[in-house]
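Below is one structure, written out as structure tokens; the observations come after it.
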């Protein structure tokens, strides 16, 4: 059980569900999320190594398929909403080494009831750190750890932010050869950058994406979320 709140924003675990309540001016949102699968432990039994040496790791798990329903209210008009959600919980020490500048992170929910988490940690010289990895979550909730040699991520398009001047990848081809997975990930629209130079000073890109491709020679579609950091200089955390 947990309860976290910030003024009129609240999330709590209760009776096996996760409850979210948000109130902001004339907008209100109430959601109930129920996990369909057990927690997916990333890395080695939940310990996710991010770089060479002690202290370069986190404890990391995800609830990759949460049945979600509730109500959205805007200016007095109420609508029922439903969908699927994904929850990450990661905690640990400072993860990046001096040679690492940022990461590209992907969460993928496919319509065949499988999910994939991948992250690439980028180095100063443009190469990908060998500690980059991922997790494949099968339909029955069991998982497979993916080392960097088990998958590939190819950038197909790029986009330059008119606000920050940063240039980000904006379309990808993901392959997991041993599982016969080939996917294309395309953001719903490019400008999902968070420009926080006047507040937290961590400007980065994160947003929703659509997915299509094949899984073991069968067509699949899905939804995803992408987070990219360090494209305006090395991320400091």
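Annotations for the structure displayed:
- Taken over region 17-45, the residue count meeting the criterion of being in contact with a strand residue (DSSP E or B) (Cβ under 9 Å, 6 or more places away or on another chain) and surrounded by fewer than 14 Cβ atoms within 10 Å (Cβ to Cβ) is 5.
- Total residues in region 150-175 satisfying the condition of being surrounded by 15 or more Cβ atoms within 10 Å (Cβ to Cβ), more than 18 Å from the chain's Cα centre (by Cα) and touching a residue at least 60 places away in the same chain (Cβ under 8 Å): the figure is 2.
- Checking every residue in region 3-16 against the condition of being in a strand (DSSP E or B), surrounded by 16 or more Cβ atoms within 10 Å (Cβ to Cβ) and touching a residue at least 40 places away in the same chain (Cβ under 8 Å) gives zero matches.
- Residue count, region 36-54 (criterion: touching a residue at least 40 places away in the same chain (Cβ under 8 Å) and either within 18 Å of the chain's Cα centre (by Cα) or under 14 Å from residue 100 (Cβ atoms) (or both)): 12
- Once region 22-35 is narrowed to residues that are without any contact (Cβ under 8 Å) to a residue 40 or more places away in the chain and over 30 Å from residue 139 (Cα atoms), the residue that is nearest to the chain's Cα centre (by Cα) is 22.
- Restricting region 52-77 to residues that are surrounded by fewer than 14 Cβ atoms within 10 Å (Cβ to Cβ) and touching a strand residue (DSSP E or B) at 6+ places or on another chain (Cβ under 6 Å), the residue that is farthest from residue 128 (Cα to Cα): 74
- Among the conditions (1) within 22 Å of residue 87 (Cα to Cα); (2) surrounded by fewer than 19 Cβ atoms within 10 Å (Cβ to Cβ), the only one that residue 179 does not satisfy is (1).
- All positions within region 156-186 that are over 30 Å from residue 111 (Cα atoms) and in a loop (DSSP other than H, G, I, E, B): 161, 162, 163, 164, 165, 166
- Verdict on residue 184 being in the same structural domain as residue 144 (by TED's automatic domain parsing), within 17 Å of the chain's Cα centre (by Cα) and under 21 Å from residue 156 (Cβ atoms): yes
- Wholly enclosed strands (runs of 3 or more DSSP E) of region 79-138 bearing at least 2 residues touching a helix residue (DSSP H, G or I) at 6+ places or on another chain (Cβ under 8 Å) and surrounded by 20 or more Cβ atoms within 10 Å (Cβ to Cβ): 133-137
- Of all residues in region 203-237, those being outside any strand (DSSP E or B) and within 17 Å of the chain's Cα centre (by Cα) number 3.
The values are calculated or read from the model by the stated rules, or taken from the named source; none is laboratory data. These numbers come from a predicted model, not from an experiment. Reconstructed Cβ throughout: ideal geometry from the backbone, glycine too, with neighbour counts over all protein chains shown.
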